[in-house]
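See below for the structure under consideration.
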Amino acid sequence: MTPPRKPSEGSRYLYDSFDAAQARIEANERVAEQRWAALEYRLGQIDAVLERLEKRIWVGVYGVAAFLLAQMAETLIRAAGK
């Protein structure tokens with residue numbers, strides 16, 4: 001923030017450009033903070049989706065492994081019965 005100025009310190013046009021520049025800087029900082037917050041939110045959503053996808057992939061892997069073990073067990077049972 002700019003320090004308060006006294007009205008008797010000269011023309012206001014000496015200070016207006018600095019006040020406008022400071023306001024632009026503050027506005028850009030607020031925009032950057034909002035963009036960063038939006039980016040963090042989106043990254044959190046992507047992370048959650050990736051975790052769900054990973055769980056689904058592992059369920060599929062375990063399903064295939066269970067199917068193969070069941071087929072192997074069935075083959076062993078049939079071979080032992082002959």
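For the pair E29 and V61, label points projected 7 Å from Cα toward Cβ lie 4.7 nm apart.
Heavy-atom surface analysis with a 1.4 Å probe gives region 22-70 a carbon and sulfur content of 65 percent of its accessible area.
Working value for region 18-82: equivalent-ellipsoid semi-axes of 62, 5, 4 Å, each the square root of 5 times a Cα gyration tensor eigenvalue, largest first. With protein chains left intact and a 1.4 Å probe, residues in region 32-78 average 96 Å² of accessible area per residue. The length gained on full extension between T75 and E54, counted as 0.36 nm times the residue separation minus their Cα-Cα distance, comes to 4.4 nm.
The values are calculated or read from the model by the stated rules, or taken from the named source; none is laboratory data. Computed from a prediction, not measured in an experiment: that's the story for all the values here. With ideal geometry, Cβ positions are generated from the backbone for all residues, glycine too; neighbour counts draw on all protein chains shown. Accessible surface areas use protein heavy atoms only, side chains included; no ligands, DNA or RNA. Shrake-Rupley method; radii C 1.70, N 1.55, O 1.52, S 1.80 Å.
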